[in-house]
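S.K.: Questions regarding the structure given below will be posed in turn.
The values are calculated or read from the model by the stated rules, or taken from the named source; none is laboratory data. Treat the numbers as computed from the prediction; the structure is a model and nothing was measured. So basically every Cβ, Gly included, is an ideal-geometry build from the backbone, and we count neighbours across all protein chains shown.
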Amino acid sequence: MKPSVLLALPARFLRPVRWKSFITLNVIALMLLQAPAMELATTNAPVAGVSSNNLAEMDIDQLWNTRVTILGPSEAISRTPAAVSVVTQEEIKRSGAMNVPEALRLVPGMDVAQIDGSQWAVSSRGFNDQFANKLLVLQDGRSIYTPLFGGVFWDVQGPMMEDIDRIEVIRGPGATLWGANAVNGVINILTKGAESTQGWLVSAGGGTFDRAFANARYGGKVGENLSYRIYGTYLNHDDTPLPNGSDSQTDWQLGRGGFRMDWTPTLDDLVTFQGDGYGGKIREVFMVAPAFTPTPDVMHVRGLDVLGRWTHMFSDTSNFKLQAYYDRTERQSIIFDEPRDTFDLNFQHEFQPLDRHEMIWGLGYRITRDSEANTSTVSWADPSRTENLFSGFVQDEIALVKDKLNLIVGSKLEDNGYTGFEFEPGTRLLWTPTTQHTFWGAISRAVRTPTRSDNDVIFNQPPGVTVYGNGGQQSERMIAYELGYRTQPIKQLSFDVALYYNDYDRLRSTEFGPSPTQPVSTPFFPLHFDNRMAGESYGASLSATWRVTDWWRLQPNYTVTRIHLHTLPGSTDTTSVPSEEGQSPQNQVTLRSMMDFPHGWTVDCGLRYVDRLAFVAPAPSVSSYITADARLAWRPRKNLEISLVGQSLFQKRHAEFSSNAILANPQTQVPRSVYGKVTWEF
Amino acid sequence: MNAVVQRCRRVALSVAAGLVLGLAGGAPAQDRPTDYQVKAAFLEKFGKFIEWPNNAFATPGSPLVIGVFGENPFHGALENLAARDTINGHPVEVRELKALPDLKGCHIVFVASTAKAEQRDVLDAIRRSPILTVGDTDDFCDNGGMVQFIVQNDQVHFQIRNEAARAAGLKISSKLLILAKRAGQ
């Protein structure tokens, strides 16, 4: 496991099978008998003419991502000692995903629930919420985790979907390398190098839920060694209906533009410079103090980021990376109003100090400054804060038995403005007895550091309570124990199993009474944050990839999550335990089918079952549901694609999550929807 | 719950129907390239990311020679790609190699998996020569090869042993090395 971007994660993984009720044994037998025969049939039919023309024009990154029919030596399975999945551009495109949260539905074990037109709850291994604060998310090496509430403002994040190279997801802790808040997972969204996005790409479409969207990108070259692209996107997304069918007034419009430049001045150096800017209007309905009546609002969001990265390779075992970025986000609403500036500097170096040792270490500095406006609903003990984060990490991968047994040990060390010094050590063991079996195990410690709101917020909530931040809030701690196994018993079939047991301590709770660090300032009943909750979670994810024939792939997955929490002595919190236990599904099943047909046709389907969610009253529960997405696409010419996508097809509408106290709609529902799209490259 | 079971049944039926139809309808030939077509494309493009010593080319216009040792698995794909391309001003020439003396004059050598028995001899014969060695057997790099193709998740990737390349006087671009880092982990 290596840090993102430069040495991002490994290739892709295999997904689980547990959909027995769907496929009878007869059918399985039939397929096993038929599959090899089919393969011979197709391999004899050369498709060289068309595709080798395409291949001649592809650059090296595109070739790397090209799916092939296998004639030569068979496949290797992943050797990463973590529960990792990589979602590729092809999979994102073929799923019909219109944004990053939808694309994350492709990851085995991810829990993705749409709350309303523009808001999502995304987590893995439990603790899901609109601001799921134990999942760290980065885009091209830039953190998009907000230190305000914790979690990600998904409504403004994500690149142009066509420019994503891959999304790498680690379920479980990644704190040893990525640091604080990488507790239950790390997501790295990685865009393509500019060399892979040459020429024009224009795509546009519209439908019943994604009302209208348009994307344009142009990529060019200056000389042999410098490639660049510029892009612009626009989306207009409808709101979700309320249970009675009326509008929830949560629609969403966003425009975004940006660039990326990749320069290779020498064979050993790679310089990337990239930036994005966005602006949009998001409608939302909030509960506004002091009357706590649902109040429609238009949030204005704006943001800007620029990033530079220099990678130098001394050799294939030694390199360094220096990266700096600046990020500004602005979000104005009737309940809060925040401009925030962040500057981040990061250095990392990988080398081989001794035979059998691969060492990687790094240093980081981040400064973030916000300025919070006080509203009648949310105000702040401190209107503006500047936080410094200093960090360092070191990790050694030791080949105990060459190519068979590897041990990884390391730790992150951080100093943050809220809790001071934190350390996040981890150790992983990888055993690969043969190329067909990978076993791994890990023990790691991770922390979720307090957010700005945990410390300073004064939040007036219905029915008449005020939650105060606690300046003495401590970090939430976790020790995770993980085991995993991957195998490929036959060429057509591979399995990936991951098990975990997480031991949590000092989880955030909400207690009666005034905050120890803040005077009571409103007429409402005071509550405050504390760390009086602990507990455990455990679970498993089983996934498989079944190459039924060389034109058909099936990827089934089953994920089970169990969470048992309790409050600590002295706690008066009666809601945090049931809400954290209830807000993540115990069982999830997905089945994805990808089919390639002649003459440029592809047919893709995804089925998913999500168990019921229990929310603390008055928020309504969410029933279990099973639904499907499907995509039909035709490529009449190699540079033109026409697709039709149906999403959430099984019900007219269904709920996926209930709101927290900020949002006025107790529940909105995701409608069945259809959109069409045309993509043209020239 | 009953509704779920019913739905499962319905889905099971349609999946089964799809299977039967798909199988009965015969194998559709899709537009996906074969692994060897992609390997040929890589092989042909690798030259753009390698620096050879000055004396490796007689003149700036002399050809870059890609040799295929053993039975040529590319069925003309490599030759087609080579015929239409130049690499840093060099035309690209593909040769089929039968014996060790044929290795002389090559800039890139691909050792086919059918020549696995001779793999070690080939690698030993050109260990210190400025020739990029590429193969797709699983012990290619362990035996001193520089670039080894591996197929993972239906994609062709490669890993690189850069010490071997450096020892032979070749310089490989960071672009390739970074990509190779993602292989096979």
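S.K.: Would you mind finding the one in A:Val645, A:Val670, A:Val678 that is in a strand (DSSP E or B), over 16 Å from A:Pro241 (Cβ atoms) and under 23 Å from the mean Cα position of the chain (by Cα)?
M.R.: Answer to the selection: A:Val645.
S.K.: Report, ordered by the first and then the second residue, all pairs with beta carbons closer than 9 Å, sequence separation of six or more or different chains, a first member in segment B:40-52 that is facing chain A (nearest Cβ under 8 Å), and a second member that is surrounded by fewer than 20 Cβ atoms within 10 Å (Cβ to Cβ) and basic (Lys, Arg).
M.R.: B:Glu51/B:Lys171
S.K.: For segment A:173-182: of the residues being of a type outside the set (Gly, Ala, Ser) and part of a loop (DSSP other than H, G, I, E, B), which is surrounded by the fewest Cβ atoms within 10 Å (Cβ to Cβ)?
M.R.: Looking at the filtered set, the residue picked out is A:Asn181.
S.K.: Now a separate question. If you check every pair at least six apart or on different chains, which have Cβ atoms under 9 Å apart with a residue in segment A:630-645 that is surrounded by fewer than 18 Cβ atoms within 10 Å (Cβ to Cβ) first and a residue that is basic (Lys, Arg) and modelled with pLDDT under 95 second?
M.R.: Listed by first residue and then by second, the contacts come to A:Ile642/A:Arg635.
S.K.: A further question follows. Can you confirm whether B:Glu79 is assigned to a strand (DSSP E or B) and either within 14 Å of another protein chain (Cβ to nearest Cβ) or surrounded by fewer than 22 Cβ atoms within 10 Å (Cβ to Cβ) (or both)?
M.R.: Considered against the rule, which asks whether it is assigned to a strand (DSSP E or B) and either within 14 Å of another protein chain (Cβ to nearest Cβ) or surrounded by fewer than 22 Cβ atoms within 10 Å (Cβ to Cβ) (or both), B:Glu79 comes out as no.
S.K.: In the set A:Asp262, A:Asp269, which member is farther than 18 Å from A:Met98 by Cβ, surrounded by 19 or more Cβ atoms within 10 Å (Cβ to Cβ) and in contact (Cβ under 8 Å) with a residue 12 or more places away in the chain?
M.R.: Among A:Asp262, A:Asp269, only A:Asp262 is farther than 18 Å from A:Met98 by Cβ, surrounded by 19 or more Cβ atoms within 10 Å (Cβ to Cβ) and in contact (Cβ under 8 Å) with a residue 12 or more places away in the chain.
S.K.: Here's a follow-up. Do we find a residue being assigned to a loop (DSSP other than H, G, I, E, B), touching a residue at least 24 places away in the same chain (Cβ under 8 Å) and surrounded by 17 or more Cβ atoms within 10 Å (Cβ to Cβ) anywhere in segment A:431-450?
M.R.: There is at least one residue in segment A:431-450 that is assigned to a loop (DSSP other than H, G, I, E, B), touching a residue at least 24 places away in the same chain (Cβ under 8 Å) and surrounded by 17 or more Cβ atoms within 10 Å (Cβ to Cβ).
S.K.: Among the numbered criteria (1) within 14 Å of another protein chain (Cβ to nearest Cβ); (2) under 29 Å from the mean Cα position of the chain (by Cα), which single criterion is violated by A:Ser315?
M.R.: The single condition A:Ser315 does not satisfy is (2).
S.K.: Next up: Would you check which residues across segment A:128-151 are of a type in the set (Lys, Arg) and assigned to a strand (DSSP E or B) and list them?
M.R.: Answer for segment A:128-151, where residues must be of a type in the set (Lys, Arg) and assigned to a strand (DSSP E or B): just A:Arg142.
S.K.: Report the residue count in segment A:152-172 for those that are in a strand (DSSP E or B) and within 23 Å of A:Asp503 (Cα to Cα).
M.R.: The number of residues fulfilling the criteria is 3.
S.K.: So A:Tyr418 clears everything in (1) crowded, with 19+ Cβ neighbours inside 10 Å; (2) touching a residue at least 60 places away in the same chain (Cβ under 8 Å) except one condition, right? Which one?
M.R.: (2)
S.K.: Looking at (1) among the aliphatic types (A, V, I, L, M); (2) crowded, with 19+ Cβ neighbours inside 10 Å; (3) over 23 Å from the mean Cα position of the chain (by Cα), find the lone condition where A:Ala498 falls short.
M.R.: Looking at each condition in turn, A:Ala498 falls short on (3).
S.K.: Can I ask one more? For segment A:183-205, check the following and say yes or no: at least one residue is touching a Ser or Thr at 6+ places or on another chain (Cβ under 9 Å), within 20 Å of A:Gly277 (Cβ to Cβ) and part of a loop (DSSP other than H, G, I, E, B).
M.R.: Yes.
S.K.: On the basis of being in a strand (DSSP E or B), within 13 Å of the chain's Cα centre (by Cα) and of a type in the set (A, V, I, L, M, F, W, C), does A:Ala103 make the cut?
M.R.: Considered against the rule, which asks whether it is in a strand (DSSP E or B), within 13 Å of the chain's Cα centre (by Cα) and of a type in the set (A, V, I, L, M, F, W, C), A:Ala103 comes out as no.
S.K.: Specify the residue that is nearest to A:Thr66 (Cα to Cα); the eligible residues are those in segment B:150-177 that are in contact with a helix residue (DSSP H, G or I) (Cβ under 7 Å, 6 or more places away or on another chain) and either more than 7 Å from chain A (Cβ to nearest Cβ) or of a type in the set (A, V, I, L, M) (or both).
M.R.: Among those that are in contact with a helix residue (DSSP H, G or I) (Cβ under 7 Å, 6 or more places away or on another chain) and either more than 7 Å from chain A (Cβ to nearest Cβ) or of a type in the set (A, V, I, L, M) (or both), it is B:Val156.
S.K.: Please work out if A:Ala48 is within 30 Å of A:His349 (Cβ to Cβ), out of contact with any Lys or Arg (no Cβ under 8 Å at 6 or more places or on another chain) and at pLDDT below 90.
M.R.: Spelling it out, it is not the case that A:Ala48 is within 30 Å of A:His349 (Cβ to Cβ), out of contact with any Lys or Arg (no Cβ under 8 Å at 6 or more places or on another chain) and at pLDDT below 90.
S.K.: Same structure again: I'm trying to understand the selection: among the residues of segment A:468-487, which are in a strand (DSSP E or B) and surrounded by 21 or more Cβ atoms within 10 Å (Cβ to Cβ)?
M.R.: Result: A:Tyr468, A:Glu476, A:Met478, A:Ala480, A:Glu482, A:Gly484, A:Arg486.
S.K.: What are the pairs, 6+ residues apart or on separate chains, where a residue within segment B:160-171 that is touching a residue at least 24 places away in the same chain (Cβ under 8 Å) has its Cβ under 9 Å from a residue that is basic (Lys, Arg) and surrounded by fewer than 15 Cβ atoms within 10 Å (Cβ to Cβ)?
M.R.: From residues that are touching a residue at least 24 places away in the same chain (Cβ under 8 Å), the pairs are B:Ala164/B:Arg127; B:Ala167/B:Arg127; B:Ala167/B:Arg128; B:Ala168/B:Arg127; B:Ala168/B:Arg128; B:Gly169/B:Arg128.
S.K.: In addition: The conditions are (1) assigned to a loop (DSSP other than H, G, I, E, B); (2) touching a Ser or Thr at 6+ places or on another chain (Cβ under 9 Å); (3) more than 10 Å from chain B (Cβ to nearest Cβ); (4) of a type in the set (Gly, Ala, Ser), and A:Ser78 fails exactly one of them. Which is it?
M.R.: (3)
S.K.: With the structure loaded, tell me whether A:Thr517 is farther than 18 Å from A:Val577 by Cα, in contact with a strand residue (DSSP E or B) (Cβ under 6 Å, 6 or more places away or on another chain) and in contact (Cβ under 8 Å) with a residue 24 or more places away in the chain or whether it fails that test.
M.R.: For A:Thr517, the condition - farther than 18 Å from A:Val577 by Cα, in contact with a strand residue (DSSP E or B) (Cβ under 6 Å, 6 or more places away or on another chain) and in contact (Cβ under 8 Å) with a residue 24 or more places away in the chain - is not met.
S.K.: Cβ-Cβ under 8 Å, sequence separation 6+ or interchain: first residue in segment B:73-86 and in contact (Cβ under 8 Å) with a residue 24 or more places away in the chain, partner polar (S, T, N, Q). Which pairs?
M.R.: Correct list of pairs: B:Pro73/B:Ser113; B:Pro73/B:Thr114; B:Phe74/B:Gln37; B:Ala77/A:Ser52; B:Ala77/B:Gln37; B:Leu78/B:Asn72; B:Leu81/A:Ser52.
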